[in-house]
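Take a look at the structure below.
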Amino acid sequence: MRIFAVAIFAFVLAGCGGQTQQARPEAPPPGREEPVVETKPAPEEAPAPEPAEVSFSKDVQPILTASCIACHSPSGSAARYDLTSYDRLARLVVGGNADASKFFTVMQQGRMPPSGKLEQSKLDLIRDWITRGAKDN
Ligand code: HEC
C-alpha cells in the first residue's frame, strides 16, 4: 500500500509539474507578442534618415538646372564653365573633398549664383554628394 501511495503521490506531483510546464508555453501566445516587439525598432530607425545615397541626377542636377544653367550652358554668359552635364561639371570637382572643389566653394562663399547664396539645405546636399565621391549616379 505504501508503495502504491508513493506512486500516486509521485504521479500527482508529476501531473502538477506537467500541467505547469504545459501552461507556460500557452501563457505568452508568441504569435501575438512578437509583432509588438518588432514594431518598436522600426520607429527608432525612422527618425535618423541618413540618406543612403545622394543622386547626381535626382538631387544635385535639379539644383543646377534651377540656379546655374541659365548662365553655365554652352549658349549662356558663363559658357566657359558648362554645368549642363556631369562630365563638364566633374572638372570643377575634387571627389570626396568639397572644400577643394571650386564648383562647391563658389556656392559656399555665396559667389554663385550671383543673385544670392543657395539655401543651406541645398549646400549640405551638394557637399554630401561630393563627400560621397561625386558619383555620376
Ligand atoms: C547670372 C549668371 C550666373 C549664374 C546663374 C551662375 N553663374 Fe557661375 N559664373 C557666372 C559668370 C559670368 C562667371 C565667370 C565666367 C568666366 O570667368 O568666364 C561664373 C563663374 C563661375 C565659376 C568659376 C569661378 C572661378 O572663380 O573661376 C564657377 C565654379 C561657377 N560660376 C559656378 C556656378 C554655380 C555652381 C552656379 C549655380 C549655383 C552658378 N555658377 C550660377 C555667371 C553665373
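Read the figures in this text as sums done on the coordinates, not as results from a lab. Everything numeric here is computed off the predicted structure, so don't read it as measured data. Cβ sites come from the backbone with ideal geometry, for glycine too, and all protein chains shown count toward neighbours.
With θ set to phi - 60°, apply the Karplus curve 6.51 cos²θ - 1.76 cosθ + 1.60 along region 57-71 and write out the HN-Hα couplings as whole Hz, x wherever there is a Gly or Pro.
These are the phi-based 3J(HN,Hα) values: 5, 8, 9, 7, 4, x, 5, 5, 4, 6, 10, 10, 5, 3, 9 Hz.
For the peptides 92-99, 124-131, what is the packing order when you average, over each peptide's residues, the other Cβ atoms within 10 Å and list the highest mean first? List each step's numbers first, then the result.
Working: 92-99: 15.1, 124-131: 18.8.
Final packing ranking: 124-131, 92-99.
Taking a virtual spin label 7 Å from the Cα of SER77 along the C-beta vector, which residues in region 109-136 bring their backbone nitrogen under 19 Å of it?
Of the residues in region 109-136, 110-118 have backbone N under 19 Å from the label point off SER77.
At a Förster radius of 22 Å, what calculated FRET efficiency corresponds to the Cβ-Cβ distance of SER55 and GLN109, to the nearest 0.05?
The formula returns an efficiency of 0.30 here.
Taking H as built 1.01 Å from N, whose amide H comes closer than 5 Å to the amide H of MET112, not counting residues under 5 places away?
MET107
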